[in-house]
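Reading through the structure tokens given below for one structure.
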């Protein structure tokens with residue numbers, strides 16, 4: 001999985017006044033916790049730099065540089081302003097190479113579906129899957145081959161199997177489906193009346 005470097009500035013105070021000053025200076029208050037972190041680390045990052053990992057469908061291992069120390073982490077959760085959609089607070093979860101990591105990874109569809117060739121419409125309902133794997137085995141994307149997907153059929157998370165990766169998304173979650181379209185119904189009706 002790709003790594004993204006992010007520079008963090010340590011902060012001591014976490015009251016409302018201090019966080020308002022941070023946001024006014026285009027910084028976002030953040031916290032780092034998880035494996036190997038005894039006491040939660042309070043810091044802030046530049047809002048524009050943060051957008052490179054928060055406003056993308058991609059997932060990254062984030063290498064945080066805070067007060068001369070480096071931490072491996074993942075973007076865990078964020079709170080956004082209800083009107084402006086600006087990030088108010090971000091949580092980063094510390095990870096290590098010795099323990100499996102849980103992360104959401106984008107789904108990439110490959111192949112030409114049999115159902116689509118017959119006139120159906122491909123519907124992608126799940127754009128990200130939650131997976132668990134060691135740091136070295138984390139993929140940038142989860143590839144789903146739809147070549148054998150027929151009209152009216154679906155692919156669910158339980159159908160997917162990958163080496164060294166455990167899928168945490170519920171097994172019944174629909175990834176994609178090929179729906180019957182009006183054009184396909186009309187073509188089928190025309191074929192039966194001949």
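Test of understanding: among 139, 170, 106, which residue is at pLDDT 90 or above, closer than 30 Å to residue 31 by Cβ and touching a helix residue (DSSP H, G or I) at 6+ places or on another chain (Cβ under 7 Å)? Working first, answer last.
Numbers: 139 fails: touching a helix residue (DSSP H, G or I) at 6+ places or on another chain (Cβ under 7 Å); 106 fails: touching a helix residue (DSSP H, G or I) at 6+ places or on another chain (Cβ under 7 Å).
Result of the check over 139, 170, 106: 170.
Which one is nearest to the chain's Cα centre (by Cα), of the residues in region 66-82 that are surrounded by fewer than 14 Cβ atoms within 10 Å (Cβ to Cβ) and in contact (Cβ under 8 Å) with a residue 12 or more places away in the chain? Break it down stepwise before answering.
At the first step, the residues of region 66-82 found to be surrounded by fewer than 14 Cβ atoms within 10 Å (Cβ to Cβ) are 67-70, 77, 79-82.
Filter again for in contact (Cβ under 8 Å) with a residue 12 or more places away in the chain, leaving 67, 77.
Numbers: 67: 28, 77: 11 Å.
Among them, the one singled out is 77.
Just a yes or no: is a residue in region 155-168 assigned by TED's automatic domain parsing to the domain that holds residue 62, free of Cβ contacts under 8 Å to residues at least 24 places away in the same chain and surrounded by 13 or more Cβ atoms within 10 Å (Cβ to Cβ)? It would help to see each step written out before you state the result.
Step one: filter region 155-168 for residues assigned by TED's automatic domain parsing to the domain that holds residue 62, giving none.
Taking every residue of region 155-168 in turn, none turns out to be assigned by TED's automatic domain parsing to the domain that holds residue 62, free of Cβ contacts under 8 Å to residues at least 24 places away in the same chain and surrounded by 13 or more Cβ atoms within 10 Å (Cβ to Cβ).
Surrounded by fewer than 13 Cβ atoms within 10 Å (Cβ to Cβ), modelled with pLDDT under 95 and not assigned by TED's automatic domain parsing to the domain that holds residue 76: which single residue out of 148, 111, 115 fits that description? Walk me through it before giving the result.
Values: 111 fails: surrounded by fewer than 13 Cβ atoms within 10 Å (Cβ to Cβ); 115 fails: surrounded by fewer than 13 Cβ atoms within 10 Å (Cβ to Cβ).
Within the list 148, 111, 115, the selection yields 148.
Considering each of 122, 88 in turn, give the residue that is touching a residue at least 24 places away in the same chain (Cβ under 8 Å), surrounded by 12 or more Cβ atoms within 10 Å (Cβ to Cβ) and farther than 22 Å from residue 64 by Cβ. It would help to see each step written out before you state the result.
Working: 88 fails: farther than 22 Å from residue 64 by Cβ.
Residue meeting the stated conditions: 122.
The values are calculated or read from the model by the stated rules, or taken from the named source; none is laboratory data. On a predicted model such as this, the values are computed, not experimentally measured, just so you know. With ideal geometry, Cβ positions are generated from the backbone for all residues, glycine too; neighbour counts draw on all protein chains shown.
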